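The values are calculated or read from the model by the stated rules, or taken from the named source; none is laboratory data. It should be emphasised that the depicted structure is a prediction, and the values quoted were computed from it without experimental measurement. Don't worry about glycine lacking a Cβ; one is built from the backbone with ideal geometry, like all the others, and counts go over all protein chains shown. In case anyone asks, the SASA skips ligands and DNA or RNA and just uses the protein heavy atoms, side chains included. Shrake-Rupley method; radii C 1.70, N 1.55, O 1.52, S 1.80 Å.
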Amino acid sequence: MFRLPDFDSDVLILGMAAVLSLLVLLNLFLLFRKKDDASFRLLGDMLLRSQSELAGRLSQLSEHSSQEQGKIAEAINEQKLSVLKIMDEKLLAVTKSVGDGLQQNSMKTAETLGDLRERLAKIDVAQQKISSLSEQVVSLQEVLSNKQARGAFGEIQLNDLVKSILPPSAYDFQVVLSNAKRADCVLRLPNPPGTIVIDSKFPLESYHQLRVAETEREKIEAERFFKASVLKHIKDISEKYILPGETAESALMFLPSEAIYAELHANFTEVVESSYRAKVWIVSPTTLMATLNTVRAILKDAVMREQAGVIQKEVGVLVEDIARLDSRIDNLGRHFKQAGEDIENIKTSSTKISRRIQKIEDIQLGEAPQTPLVEHQAKAV
């Protein structure tokens, strides 16, 4: 901490004493001025001596003050240099700390900006998807607002479900029956049950009125309208697509909306029971998938039953072939046995021939005993 050096206390006391002495002498000089000359001269001499002593002491005081001022100046310079050094160190530390903080802040800011850019990019993609979805929803609303387009929408959904589950040989679309009625889809199943007709119906208008009804009267009218619409579809399917001798005894009514299907089974059970009595089974996309999987299993079982006769016939032919193979193996065994016997006889004859040749060679060389040739022939026989 900066602090000025203290003045010498002796110098200050000396200065004050000299000043007080001078004042006393001046008072005495004024006091004895009216008296005799001798006293005045004596006082003047004392005053002169005091003045000279005072001048000496003042000069000493001035010299000492100059020395102290030099010391104070040196101390001030040293303190100034020390303070400047400390300030430089503190300034460097503060600058380094501020620089590090700015660097960290810039890095964090860059990371934050990077994350912000990524999130903005994701938001842009999501916004584009939302815009596309909004356009699709508007387009879907336009499609569903038109009765013909709504019917085409249900038929397309029905076609996609059937194509994704059944083989091409098990279905046909837009089939004209003997009564000149066109069916949306026909499932080709073996008897029983035979050909099953699927017709797509979409009572969206009556369902929409049912959902937007607010007052009790509006709800009653909407329920009546919805019920009448569904019952009319059930009646049309029962009369058009259940033909004795041509189709199965039942048909399917496809509702391309799970919400309508759930509303029907939750709050209009009497309509569902009427469909059961008319042998018209109401299906949604989910239940139709389960039904089609069952149909596929039935088709697979029918194909296996058709192939069972072929497999049985082939197994019978295979049994005959195996019996024939066993007979031929027995014959081949007998032939092998006869061939083995013939080979043994041939080996025996070959051995005898070899011995006879050896005896003949012995006769020619003169080593064997002389025996008549007749005896050899008799032995050979």
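Summing charges over all other residues whose Cβ lies under 15 Å from the Cβ of A290, with Lys and Arg as +1 and Asp and Glu as -1, gives 0.
For segment 288-349, just say rounded, prolate or oblate: build the C-alpha gyration tensor, square-root its eigenvalues into a ≥ b ≥ c, call rounded for a/c under 1.5, and beyond that prolate if a/b exceeds b/c, oblate if not. It comes out prolate by the Cα gyration axes.
Largest accessible area first, the listed residues F202, F336, F173, F268 line up as F336, F173, F202, F268 when surface is computed with a 1.4 Å probe on the assembled protein chains. Mind checking which of A222, A262, I298 is farthest towards the positive end of segment 220-316's charge dipole, using Cβ charges of +1 (Lys, Arg) and -1 (Asp, Glu) about the Cα centre? Final value for the positive-end residue is I298. Note on segment 138-290: with charges restricted to the Cβ of Lys and Arg (+1) and Asp and Glu (-1), its dipole about the Cα centre is near 300 debye.
Nonpolar atom fraction for segment 233-373, defined as the carbon and sulfur part of the 1.4 Å probe accessible area, stands at 59 percent.
Taking the Cα centroid of segment 292-357 and of segment 82-120, what is the distance between the two, rounded to the nearest whole Å? One Cα centre to the other: 95 Å.
Heavy-atom accessible area of R182 with all protein chains present, probe 1.4 Å, nearest 10 Å²? We get 130 Å² for R182. Couplings 3J(HN,Hα) for segment 206-216, derived from phi with the Karplus relation 6.51 cos²θ - 1.76 cosθ + 1.60 (θ = phi - 60°), are 5, 5, 5, 4, 5, 6, 8, 5, 10, 7, 5 Hz, where x marks Gly and Pro. Looking at segment 315-367, what % of the alpha carbon pairs are farther apart than 18 Å? Roughly 62 percent, once rounded to a whole number.
Once the 1.4 Å probe is applied to the protein heavy atoms, segment 174-316 comes out at 56 Å² accessible per residue. The modelled label-to-label distance for the pair L318/K181, using points 7 Å beyond Cα in the direction of Cβ, is 4.8 nm.
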